[in-house]
Amino acid sequence: MFHSKIVGVGHFVPENVVTNHDLEKLMDTSDEWIQERTGIQERRFYTPPEKGSTAKMAYKASLIALERAKLKPDDIDAIVFATLSPDFYFPGSGVLLQHMLGMGTKPALDVRAQCSGFIYALSVADQFIKTGMYKRILVIGSETQSIALDLTTRGRGMGVLFGDGGGAAILEATEEEGKGILSTHLHSQGEFADVLCIREPGTNEKGHSVYENQHLQFDKISPQMDGQLVFKNAIKRMPEVTMEALQANGLTPADIDMFLPHQANLRISQMVQKFLRLPDDKVYNNIQKYGNTTAATLPILLSDLWEQGRIKEGQLFALAAFGSGFTWASTLIRW
Ligand code: COA
């Protein structure tokens with residue numbers, strides 16, 4: 001039986017730093033409100049003349065992950081790409097990345113599980129590796145949020161929360177027991193789909209074709225959220241799914257060396273940390289500098305730690321995420 005171990009991670013964010021004070025000039029908000037409610041100080045947005053896309057950020061992150069793993073694109077058997085902000089409505093961004101990396105006819109698929117996307121993608125890749133179908137898989141979380149955000153006072157509820165960025169991880173088959181991805185645990189609850197969503201362009205609003213729809217309404221094309229309902233569910237589901245992973249592996253929170261919570265809100269992360277009774281040095285947050293980068297958040301956290309030399313052989317990492325769908329997920333990784 002094969003297991004998947006992570007042999008390289010990388011990330012890329014646009015150069016353009018947008019601080020809370022920059023947002024104050026665009027909408028009725030304040031640095032104090034944003035920091036107090038979310039912990040965010042700044043985020044990155046693609047802004048002209050810097051040109052980029054979800055697939056291009058993934059490409060740059062992939063090159064770093066490949067270099068760290070001492071591998072070439074040819075060594076990769078498949079791509080699993082998580083995003084809610086693809087370059088095109090279709091096809092997915094996975095094939096664009098596949099082409100950029102010059103991967104011939106290797107397969108690429110997109111995963112749409114929003115903030116839980118990276119763990120869902122890891123889980124899909126892990127199954128391919130466990131069955132022996134593929135030996136090395138490039139797993140991506142990448143998002144260009146800035147294009148959909150309304151950065152006026154009308155959109156301030158969402159506009160201050162998100163940022164652009166991309167992250168990559170390379171999974172490789174190993175026969176070593178007890179190493180790599182120990183398990184993944186995935187959940188969804190579609191009854192809450194419209195609590196956090198972008199409606200258009202979609203097929204659920206019947207009665208018009210997109211060609212007739214000259215007047216897409218603001219509330220359909222921009223992200224909508226019931227923030228408090230999302231908050232309440234996130235602080236329940238993230239500890240729950242982390243405990244599910246620990247129990248499935250005969251472990252307890254005390255066994256965790258590093259906990260990486262999806263970065264939606266620093267207050268959510270702190271409440272989850274408190275529930276799991278983890279000390280500060282066992283939890284890593286970087287929402288302060290990137291905002292919520294949705295599917296990119298977890299690989300960016302991993303890559304940040306990799307750069308800081310804070311990932312050590314034998315350590316146990318727990319990752320948990322919650323987001324639109326609702327979807328939520330966890331994974332345990334033994335390095
Ligand atoms: N700047 C200033 N004021 C703002 C604002 C902004 N950017 N956005 C909203 N407000 C205002 C609201 O209009 C409201 O004003 P009112 O009381 O006069 O009506 C007030 O601030 C409080 O808004 P509310 O939405 O109740 O705030 P909150 O304490 O729930 O915090 C969130 C809002 C979004 C920070 C919080 O609900 C949250 O983090 N939820 C989870 C978000 C999340 O995780 N999303 C991603 C999913 S992965």
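The values are calculated or read from the model by the stated rules, or taken from the named source; none is laboratory data. What you see is a predicted model; the values in this text were computed from it and never measured. Because the Cβ atoms are built from the backbone with ideal geometry, glycine has one as well, and the counts that use them run over all protein chains shown.
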Exercise for review: Determine which single condition Asp126 fails, assuming it passes every other condition in (1) touching a residue at least 60 places away in the same chain (Cβ under 8 Å); (2) in contact with a strand residue (DSSP E or B) (Cβ under 6 Å, 6 or more places away or on another chain); (3) surrounded by fewer than 18 Cβ atoms within 10 Å (Cβ to Cβ).
Suggested key: (3)
**Study point:** Residue satisfying all of: in the stretch 170-187; buried (at least 16 other Cβ atoms within 10 Å of the Cβ) and of a type in the set (Gly, Ala, Ser); farthest from Glu244 (Cα to Cα) among these
**Key:** Ala173
Check your understanding: Which one is farthest from Pro253 (Cα to Cα), of the residues in the stretch 218-236 that are more than 11 Å from the ligand (Cβ to nearest atom) and part of a helix (DSSP H, G or I)?
Key -> Phe218
Study note, to complete from the structure: Screening Ile34, Ile79 for residues that are modelled with pLDDT of 95 or more, within 16 Å of the ligand (Cβ to nearest atom) and surrounded by 21 or more Cβ atoms within 10 Å (Cβ to Cβ) leaves only Ile34
Exercise for review: Being modelled with pLDDT of 95 or more and touching a Lys or Arg at 6+ places or on another chain (Cβ under 9 Å) narrows it down to one of Gly309, Gly314, Gly323, so name that one.
Suggested key: Gly314
Practice item. Filter the stretch 271-288 for residues that are within 15 Å of the ligand (Cβ to nearest atom) and in contact with a Pro (Cβ under 9 Å, 6 or more places away or on another chain) and give the result. Key: Met271, Val272, Asn285
Exercise for review: Might you let me know whether the stretch 252-262 holds any residue that is at pLDDT 95 or above, within 23 Å of Arg156 (Cβ to Cβ) and within 16 Å of the ligand (Cβ to nearest atom)?
Suggested key: yes
Study note, to complete from the structure: Restricted to the stretch 141-159 and to residues being buried (at least 24 other Cβ atoms within 10 Å of the Cβ) and in a loop (DSSP other than H, G, I, E, B), the residue nearest to the ligand (Cβ to nearest atom) is Gln145
Study note, to complete from the structure: Scanning the stretch 164-196 for residues that are out of contact with any Asp or Glu (no Cβ under 7 Å at 6 or more places or on another chain) and within 12 Å of the ligand (Cβ to nearest atom) gives Phe192, Leu196
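Okay, residues lined up against (1) closer than 30 Å to Gln228 by Cβ; (2) in contact with a strand residue (DSSP E or B) (Cβ under 8 Å, 6 or more places away or on another chain); (3) small (Gly, Ala, Ser):
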| position | (1), (2), (3) |
| --- | --- |
| Thr29 | yes, no, no |
| Arg37 | yes, no, no |
| Glu50 | no, no, no |
| Leu63 | no, yes, no |
| Ala82 | yes, yes, yes |
| Ser85 | yes, yes, yes |
| Gly92 | no, yes, yes |
| Gln98 | no, yes, no |
Point to revise | Every pair of residues 6+ apart whose Cβ atoms lie under 6 Å, when the first sits in the stretch 78-92 and is within 18 Å of Thr293 (Cα to Cα) and touching a residue at least 60 places away in the same chain (Cβ under 8 Å) while the second is of a type in the set (Phe, Trp, Tyr) and surrounded by 24 or more Cβ atoms within 10 Å (Cβ to Cβ) | key: Ala82/Phe118
Practice item. Out of Ala320, Ala295, Ala254, report the one residue that is of a type in the set (A, V, I, L, M) and outside any helix (DSSP H, G or I). Key: Ala320
Exercise for review: Please name all residue pairs, on different chains or six or more residues apart, with Cβ atoms under 8 Å, provided the first residue is in the stretch 192-206 and is farther than 15 Å from Pro86 by Cα and the second residue is at pLDDT 95 or above and aliphatic (A, V, I, L, M).
Suggested key: Phe192/Leu229; Val195/Leu229; Val195/Val230; Leu196/Val230
**Study point:** Which listed residue, of Tyr59, Tyr46, is more than 14 Å from the ligand (Cβ to nearest atom), in contact (Cβ under 8 Å) with a residue 40 or more places away in the chain and in a loop (DSSP other than H, G, I, E, B)
**Key:** Tyr46
Study note, to complete from the structure: A careful count of residues in the stretch 10-23 that are within 16 Å of the ligand (Cβ to nearest atom), of a type outside the set (A, V, I, L, M, F, W, C) and either touching a residue at least 12 places away in the same chain (Cβ under 8 Å) or surrounded by 15 or more Cβ atoms within 10 Å (Cβ to Cβ) (or both) gives 3
